[in-house]
Structures are given as C-alpha cells and as structure tokens.
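Each remark here refers to the structure printed beneath this line.
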Amino acid sequence: MQEAATGTSETALEAGMAAAAPYHEMLGPEGVLAKYRGVQEWLQATPAAALATKMREAELLFRRIGITFAVYKEGGDPERLIPFDIIPRILDNAEWSYLERGLTQRVRAINAFLHDVYHGREFIRAGGIDAALVLHNEGFRPEMQDFTPPRSAYANVSGIDLVRTGPQEFYVLEDNCRTPSGVSYMLENREAMLRLLPDLCAQHRIAPVSHYPEELLETLKSVAPVHCEGDPTVVLLTPGAFNSAYYEHSFLADEMGIELVEGADLLVEDNIVYMRTTEGPQRVDVIYRRLDDDFLDPLAFRPDSLVGTPGLINAYRAGNVALANAPGTGVADDKGIYPYVPAMIRFFLGEEPLLKNVPTYSCGEAADLAYVLDHLPELVVKEARGSGGYGMLIGPKASTADCAEFAQRLKARPADYIAQPTLALSTSPTFVEAGIAPRHVDLRPFVLAGRDIRVVPGGLTRVALTPGSLVVNSSQGGGTKDTWVLES
C-alpha cells in the first residue's frame, strides 16, 4: 500500500475516511459559511418553482448550443445532454490559492518524471518505482526514448481530479495527462450562469475563467519548435465528429481562432507537417491533439488507424512540429503509477507534497491483493487504465454477488487493478426533483504547462445526482456545476 499523506499513518487515515460523515461545503459549525451567504439568501428568496424554471432554461440553452456528450456503451442515440445544476460550488480565495500551489507542484513533478522515464531513469535506479511498472506500462512509448519535447513539457494540458473530505482536506484522486476533457463545460457553465442569473453573479467577486482559451493558445505557442519563424501556426487535431468530446474540440478551436483538423487534413513531406487548404499546403508548427497515441500515426503506432497522419512522429522527432500533449504521457496517467507521485515530488523537486494522495493498494502486489480480496465490501476497486467510471466496484454499494464476481477478475488479472478506501466525498447543495439536497462532488482543475505553469481559477465540478452515489462521471449519469473562486 502506498502513502497518502505525510505525518499520518495509513491505517489511521483510512479508518478516518471510512468513518467520517460527508463534509457539507456550505455549512460550518455555526451555520452557513460566509462564502455561501449570498447564495443562501438567494435560495431562501427564490420559490422552488422559479428555480425549476431556471433549470429548464439552462437545459434549453445547452440544447440550443449543442453541448452533448456521447456514451457509446448504452446503445441507441449516443448523444446525451449533461445535466447542469444552477447552484454554484464555491471556493474562497485562500482555498484556491492552496490548491493552485499544490496543482502547480504536482504537474512540475509529473513532467520531471516523464523526462526521466525517457532519459536517465534515475527515479527507477534509485528504487523510487519498479522498472516493470513503467517500462511494461501500456502508456510507455519507446519511440519517445531520448527525445525531449520543447521546454521539456510533456503534459501541456492536465486535468487533475480532486476530492474533498473536510474543511482543509483535499485529495488527488487521478492525474489525467493524456487528452483530458471537460474544459468546455467549465466555460459554458459560467456563461450559462451569467445569462440566467446575472444579479446573483454580480453580487459576488468571481474570478473569471473566460480567458482559458487565450491561456491555452499562449501555452501551445510557447512550445513551438525552436526553428519556428514568426507567429506559430496551431491546429487542433480531432478524431472526428463521432468522438465523445467532439463538441469540445470544435468549441476550443473556435475560441482559440485556430483550424480544427482531422488526420486526413494533414500531410507530411520531408518531415514537415502541412495542412491542406484551398490555397495550397500551409505549414503547421503546433498540433493540439485530442486523439490517443495509438491512432496518431499508422507508421509509428497502430497500422490500422484511419484517423492519424502517416509520418507525423518522424516529423515530431525531427523537431519540425510540436505535439501537445507529447506521446507517452499516458505512463503518468496510469492509476498504477499514481501512488508514486508524492515520492516523485520529493525526488525531483526536493519538496513535500502539498496535495495528498488517497491510500492505494496495488493489486499486482501479493500482500495488497490479499488485503483487497478480504475487504472488497469496504473498498473502491478500479482498473489501472480505466476511465469514465467504467470497470469499477464500489464495495459499500455492491451486492455479495458483485463482490464475488469482481474477486474472480482480481485473481485473474491482479496487476490491472488498484483499490482505495471509500472516501466520504464532500457534498454541495444541488437542486433535484425533491428540492435542494446535498450531493457528492469532485473537481477537475485544468493545468497548462509550457513556458510556465498556469491554472485558471476553478475547474469543472462534477456532481453525482443519484442520492448517495459517489460516481460523478458524466458517462455514468453525473451532472456539472459552475465553480466559483471568490477573489479576495
């Protein structure tokens, strides 16, 4: 079992997580917290019927804009509207300042780890992590060996999933370093709030998020190849309209004022990437790619890929184009690697971690597997390379039959799973059919790394709409909220 926090025993911490009642983010020992008082007064003054009307207006707005999310595992029409809750989730300036420092520290360490993985492997040699866990990882790309991307920034865009269990207790649940999605919903949620509830918004000093596309474009331009002349040409590479996050791809390209391209829109000649245009080929300097490594280049990775561009990786390694995020960042995205991030921070930065990890059992280790099998009804078990809330077991909510079936999976492929204690995720007031009720939430801030590291205040708050549910993923029926960071 890997560590979670400095100065706290794992056993005591885990027991506390399991026993604690959910922390209500709106309430303190003396009632409503100061940061929520304006929202509380608005809720008290607004009839339930008026709130329901606002919820319907929000749904109509999102349908008109076309904000949908595809869910491929459910048959029928894959386009789903993500439910939006009009009661904002609020962080004060001090809380956000702490999170921002911790997120910056974590992304610095992850990028240092990725550089080390593809170069000297000092962390492995020092015993920081088992070599097989890295080098046999599905996210490891031998093609990246001895190659350094511009500014040594591998994960240019990261989505770090955070959960809260108390007033000062924040934990990192996952590091999303490959092609993290959700930022368009963060931006559209804010726009919806400003349209639907302008008076409520005006009563608060809310840190803006609308400049995220500008920050993203500046970050992408900052990692242009060193030989790039003039203003870099940046494009967003999408798998196409059938991808679950295609709305976000088109939205971000439009907001940044760059071309949205598919693999067939690009060609490589003499290790230089060009974009096909009506005026002839135009050289491309930076590609913000939103498709997985496997499909980027049929000459380098999967030969059956129809959405990639032949020769792209050779052009990348020749230093003629930048890819964001870099291929091979998935090795740091793996839940089996996640437990070692605190050690990475100490090793590469010489600092103590600011944000805690959740205690984690690696089922590939015999002792951990034995413990997990004995305590399945108490634990959350996840696929090490899973996403979207699929392929997981929430022990306290599972039946005896479910636990028995999952135990067989663990015994068959133990290295494919990790397990964690069930966290008492914080709750936030949410408008549901029965009225206003607490629902569990998490937070995905987005961290940009190029010339420097930037974090736009807030992030995407996801909310589990089913009573008692801890699963916030949109693909599993979760909704979203606007996240307010109050300026001092």
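The values are calculated or read from the model by the stated rules, or taken from the named source; none is laboratory data. All values derive from a computational prediction rather than experimental measurement. Heads up, the Cβs are rebuilt from the backbone with ideal geometry, glycines too, and the neighbour counts pull from every protein chain shown. For accessibility, only protein heavy atoms count, side chains too; no ligands or nucleic acids. Shrake-Rupley method; radii C 1.70, N 1.55, O 1.52, S 1.80 Å.
Side notes on the structure shown:
- Contour minus Cα-Cα distance for Asp231 and Arg302 (0.36 nm per residue): 22.3 nm
- Here segment 418-433 is scanned for amide nitrogen atoms under 18 Å from the site 7 Å beyond the Cα of Ala367 along Cα-to-Cβ, giving 418-421.
- Net lengthening on full extension, Glu279/Ala407 (0.36 nm per residue, minus Cα-Cα): 40.1 nm
- Taking label points 7 Å from Cα along the Cα-to-Cβ direction, Ala415 and Leu354 give a separation of 3.6 nm.
- Anisotropy class of segment 122-176 from Cα gyration tensor, a/c 1.5 cut: prolate
- Relative contact order [Cα under 8 Å, 6+ residues apart], segment 266-360, whole percent: 22 percent
- Shape of segment 21-150, Cα gyration tensor, a/c cut at 1.5: oblate
- Fully extending the segment from Arg121 to Ile65 would add 15.4 nm, taking 0.36 nm per residue of separation and subtracting the current Cα-Cα distance.
- Efficiency of FRET from Cβ geometry, Tyr23 and Arg195, R₀ 30 Å, rounded to 0.05: 0.45
- Protein accessible area in segment 123-265, 1.4 Å probe - carbon and sulfur %: 47 percent
- Neighbour count of at most 13 Cβ within 10 Å plus DSSP loop: longest chymotrypsin sites (Phe, Trp or Tyr not before Pro)-free window in the chain: 1-241
- Residue-normalised accessible area of the chain, given per residue in Å² at a 1.4 Å probe: 41 Å²
- Prolate/oblate/rounded call for the chain, Cα gyration tensor, a/c under 1.5 rounded: oblate
- Here the relative contact order of the chain, from alpha carbon pairs under 8 Å that lie six or more residues apart, stands at 25 percent.
- Normalised by the number of residues in segment 99-216, the mean separation of alpha-carbon contacts (under 8 Å, six or more apart) gives a relative contact order of 17 percent.
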